[in-house]
Structure formats: structure tokens, C-alpha cells
Amino acid sequence: MSDIAAQLAAVQAEYTRLPDGLRRHVERVAAEARDLAACWDLDPARVELAAWGHDLFRAHPPAEQLRLAAECGVPVTETDRLEPVLLHGPIAAVVLRERFGVTDDEALTAVRDHTLGAADMPLIAKVILLADKFEPRKRKRDPLLGAIRRLARRDLDTALLCWADWKWVEERTHGWPSHPAHWHARRRWVEEHHLDRAMPPILPLDPADPDFAPAE
């Protein structure tokens, strides 16, 4: 058995002690993630491991999330204290490395950042975040997530931006706080989206150039 297969089996065994509803959610996310992995030529075993690891601590009560974050050395902001559930990804990433021996940095990043996103995300992290957001039960609650799912098969980065816009509307509609880390990530995604990499660099004007005309 490969290291990843052994790690996956150990992580899956943890869900026998967690709520059935959470396990079913993770199964749906794993199926979505495998589908996206095939679209984007990702190693399905790595994606499967990250999918099963992402919600390992999702069901823990708020006080336990805060305790585990302190124990794991996970930084806690004031926003996190108001919503400790936001810590479950960073906690899981630490535990997967230290207890389960996961050394795949990109898979661990996917687990850590699947709730809010991050400014710089490897491909596997984008896949796990999006699969978590538009798994079938969530699509049933909001059909707009189905459109984001279809888009993700053509353009992951634009799908991330569309999800961020959807999240913004949800937060404004329900009066939920917006986490600063998510807005930092969203600004970077917008910048990247509007950066035309095909254009040549803009060089400073040379006064010796006959076409040079100083600004008036």
C-alpha cells in the first residue's frame, strides 16, 4: 500500500467517530473533487486525500476549535474568535501533517485554505475549495452554484471569482461578517483576472525617441 493510500485509509477511519451527515458531505465533496481532478489532470489520489482531510474537525464545537488552534499553533484573529468554525481547515492541515504523516504541501494547503481561499493557491487547493462549495446538496439549495460548477470545468480562476462574488452577496444578505483573509485573497484574484499576460511589458518612454512628447 502506498503512503497516500495508507494516509487516506487512516483519515477515512476517523469519520466513524464523526456525524454521519458530515461523512456524507465529505463523500460528495470527494466525488466532485475527483471529477475536477480529471478535468485538470491532477493526481486523483492526492485530491482524494485532501478532500477527505478538509473537514476532519468541522464538527467540533467552537470552544474546542479555539483550544485546538492554540494547541496546534494556528494564529487566531478576532474574526476567528467570533466564528471559530473558520479554524477547522488550518487545524486539520496541522494534524494531517503531524498525526497522519501527510507531507504533500499542496494537499495540506488545500485543506488549510478550503474555507476562505488564499491569495496564492495551487491547483489542488482551487479544486478542493470549489468542490466543497458546489457539492450536490449545496447546489440543490442554490442553483447558482451549479453555474459555477460548470464554469470550473473550463476556467478554475474565474469560477473562484464567481464564488467570491456569490459569497459577498450571501454575507450582505444575511449580515454575516467578511473575513479579512478572504477579501485579501479576492483582491488578488481580481488583479490576476485582469492582468493581460499576453501584452508586452510597458517600458518607460525614452526622451531620445523621435515620437517622445512630454506631458503638458
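Some points to look at:
- Residue that is farthest from Ala118 (Cα to Cα) [pool: residues in the range 177-193 that are of a type in the set (Gly, Ala, Ser) and part of a helix (DSSP H, G or I)]: Ala181
- Some residue of the range 49-61 being loosely packed, with under 14 Cβ neighbours inside 10 Å and either modelled with pLDDT of 95 or more or in contact with a Lys or Arg (Cβ under 6 Å, 6 or more places away or on another chain) (or both): yes
- Thr16 at negative phi, in contact with a Ser or Thr (Cβ under 9 Å, 6 or more places away or on another chain), part of a helix (DSSP H, G or I) and of a type in the set (S, T, N, Q): no
- Asp41 being open to solvent by 20 Å² or more (accessible area, probe 1.4 Å) and either part of a loop (DSSP other than H, G, I, E, B) or farther than 22 Å from Arg137 by Cα (or both): yes
- Taken together, the residues in the range 142-172 that are more than 20 Å from His193 (Cβ to Cβ) and either assigned to a loop (DSSP other than H, G, I, E, B) or modelled with pLDDT under 95 (or both) amount to 5.
- Conditions (1) among the small types (Gly, Ala, Ser); (2) at pLDDT below 95; (3) within 21 Å of Gly89 (Cα to Cα); number of the one not met by Ala110: (2)
The values are calculated or read from the model by the stated rules, or taken from the named source; none is laboratory data. Here the structure is a predicted model, which means the values were calculated and not measured. Here the Cβ is made from the backbone with ideal geometry for all residues, glycine too, and neighbour counts use every protein chain on show. Side chains included, ligands, DNA and RNA excluded: accessible areas come from the protein's heavy atoms. Shrake-Rupley method; radii C 1.70, N 1.55, O 1.52, S 1.80 Å.
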